[in-house]
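Asks: To start, I am sharing the structure in question, which I have written as structure tokens.
The values are calculated or read from the model by the stated rules, or taken from the named source; none is laboratory data. None of these values were measured; they are calculated from a predicted model. Glycine also receives a Cβ, built like all others from the backbone with ideal geometry; neighbour counts cover every protein chain displayed. The protein model used for the area step is the full one, side chains on, heavy atoms only, and it has no ligands, DNA or RNA in it. Shrake-Rupley method; radii C 1.70, N 1.55, O 1.52, S 1.80 Å.
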Amino acid sequence: MSNIIDKIDAEQIKKDVSPFRIGDTVKVHTRVIEGDKERIQIFAGIIISHKGCGLNEAFTVRKISYGEGVERVFPVHSPKVAQIEVTKSGRVRRARLHYLRGRKGKQAITVKDVARVVAA
């Protein structure tokens, strides 16, 4: 029984997913179907969490839209997600960036680079 489930999962997993990490600024191209037409809509923001593995893998993207914080959870291997494009790479020391929810202005959408102090 487990072999059948593994085969079904292997068929649905995408092979061409670009590597991304938490703290990266990304553009997620999603397929939107309106009536009989299909178009691509872009959701750009910073990745604040990444969870799951295999077919259940998902990530959360946060952006500020008209002064309000908007978060969206995207399954990595969903057919609705056309492409994940990394625009800026971020360096963070945490697995979840939920502390960005309490920030305002530019601090809410930027991740500071962690400067490493070298002891002499």
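Asks: Excluding the sites themselves, what is the longest stretch of the chain that contains no trypsin sites (Lys or Arg not before Pro) in a DSSP loop with at most 14 other C-beta atoms within 10 Å? Display every interim value, and only then the final one.
Replies: On the way: sites that count: Lys14, Lys15, Arg21, Lys80, Arg91, Arg93, Arg94, Arg96, Arg103, Lys104, Lys112, Arg116.
So the longest stretch without any such site is 22-79.
Asks: Please determine, in degrees from 0 to 90 and to the nearest 10, the orientation of helix 2-12 with respect to the longest principal axis defined by the Cα atoms of the chain, where the helix direction is its Cα long axis.
Replies: 70
Asks: If Lys and Arg each add +1 and Asp and Glu each add -1, what is the summed charge of the other residues whose beta carbon sits under 11 Å from the beta carbon of Arg72?
Replies: Details: positive: Arg62, Lys63; negative: Glu71.
Neighbourhood net charge equals +1.
Asks: Could I ask something else about it? Determine the per residue accessible area of the chain with all protein chains present and a 1.4 angstrom probe, expressed in square angstrom. Could the numbers behind the result be given before it?
Replies: Details: 8730 Å² over 120 residues.
It amounts to 73 Å² per residue over the chain.
Asks: Could you tell me which label, among (1) 15.4; (2) 15.0; (3) 16.1, carries the value of Kirkwood radius over Cα pairs in Å calculated for this structure?
Replies: Step by step, Kirkwood radius over Cα pairs in Å for this structure corresponds to label (3).
Asks: In percent, how large is the relative contact order of the chain, given Cα pairs closer than 8 Å and 6 or more residues apart? Before the final figure, lay out the partial values.
Replies: Working: 202 pairs, mean separation 32.2, N = 120.
For the chain, the relative contact order is 27 percent.
Asks: Could I ask something else about it? Cross-link list Lys15/Lys63; Lys15/Lys80; Lys27/Lys104; Lys63/Lys104; Lys51/Lys80: which exceed 23 angstrom alpha carbon to alpha carbon?
Replies: Lys15/Lys63
Asks: Continuing with this model, one more query. Please report the carbon-and-sulfur percent of the accessible area for the range 1-78; probe 1.4 Å, protein heavy atoms only, DNA, RNA and ligands left out. Before the final figure, lay out the partial values.
Replies: Details: 2680 of 5120 Å².
Here carbon and sulfur together make up 52 percent of the probe-accessible area.
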